[in-house]
Each structure stands twice: as C-alpha cells, then as structure tokens.
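Written out below as structure tokens is the structure these notes cover.
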Amino acid sequence: MKSKTLKENKDFRRLYYKGKSRASSCIVTYVAKSSTKGRIGITASKKIGCAVERNRAKRVIRAAFSQLEGRINGSYDFVFVARTKTSKVKMQKVLEQMEQHFKALGVID
C-alpha cells in the first residue's frame with residue numbers, strides 16, 4: 001500500500017513543534033495524530049552528502065517504513081529525518097531503529 005506524502009512546509013513544521021519525537025544514530029522520527037489517512041514525509045539535508053547519498057537515505061527510510069506500515073494502529077503523520085549514517089547502513093538497521101521508535105511512541109504494539 002502506497003502512503004500519501006507530506007509536501008507542504010506547514011505540515012512538516014506542525015510535526016516538528018507539536019509531534020512526539022525519537023532520535024537514534026540513523027534516523028529521527030516525528031509522529032503526530034492525523035485526522036486523515038496517515039502521511040509520510042522524509043527530509044535529507046545537504047549535510048548527508050551528494051544527491052546520490054541523499055536519495056539512497058530516503059530510499060532506505062521509505063523501504064523500512066513500508067515494512068512496518070501494516071502494523072500501525074490508527075492514523076498518524078510521520079516525518080523522518082535522515083542522518084549522516086543513514087545512507088551508509090543497510091535497510092535492516094534503519095528498520096530496527098524505526099520499530100523501536102514506533103514502540104516507544106505507541107504507534108505499534
């Protein structure tokens with residue numbers, strides 16, 4: 001199932017300021033309840049590296065999220081912030097950290 005994406009700056013800012021967050025070495029996760037079907041936003045700054053590395057980081061995050069998407073309880077908006085390590089690790093590592101964040105934030109059981 002393909003998720004809708006967050007595109008507007010106001011949506012990202014809402015999650016940064018009003019959402020709950022968790023951080024780890026590969027990823028930062030922001031979560032907030034949503035009245036609509038859940039949406040996902042991914043950011044990767046130029047600190048991460050060239051366009052190839054930023055795109056890989058986003059691809060890895062998207063792949064990890066798709067593995068957990070079916071287990072989400074309710075409707076949430078997510079913003080994932082890639083870190084420098086994200087483009088250099090396997091998707092499995094990001095998946096483990098994302099699952100820990102979701103459990104800590106009460107998104108999955």
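Please report the projected area of region 1-40's Cα convex hull averaged over all directions, in nm².
Approximately 3.5 nm², given one-decimal rounding.
Checking the Cα-Cα distances for LYS58/LYS85; LYS20/LYS85; LYS7/LYS85 against a 18 Å cut-off, the pairs over it are LYS20/LYS85; LYS7/LYS85. How far is helix 51-68 tilted off the main Cα axis of the chain, in degrees rounded to 10, range 0 to 90? The angle comes out at about 40 degrees. Pop a pseudo-label 7 angstrom from the Cα along the beta-carbon direction at both SER66 and LYS33 and give the gap in nm to one decimal. In this crude label model, SER66 to LYS33 measures out at 3.1 nm. Rounded to the nearest 10 degrees, the inclination of helix 91-105 to the longest alpha-carbon principal axis of the chain is 30 degrees. Within the accessible surface of the chain, defined with a 1.4 Å probe on protein heavy atoms only, the carbon and sulfur portion equals 50 percent.
For the chain, what is the accessible area per residue in Å² when the probe is 1.4 Å?
On the way: 6470 Å² over 109 residues.
Result: 59 Å² of accessible area for each residue.
Over region 17-109, what is the percentage of antiparallel beta bridges among all DSSP beta bridges, to the nearest 5?
About 70 percent, rounded to the nearest 5.
Projecting label points 7 angstrom from Cα along Cα→Cβ for ASP109 and SER25 puts them 3.2 nm apart.
The values are calculated or read from the model by the stated rules, or taken from the named source; none is laboratory data. Note that the coordinates shown come from a computational prediction; the quantities given were computed from them, not determined experimentally. Note that we place each Cβ from the backbone using ideal geometry, even for glycine, and neighbour counts take in every protein chain shown. All accessible areas refer to the heavy atoms of the entire protein, side chains included, with ligands and DNA or RNA removed. Shrake-Rupley method; radii C 1.70, N 1.55, O 1.52, S 1.80 Å.
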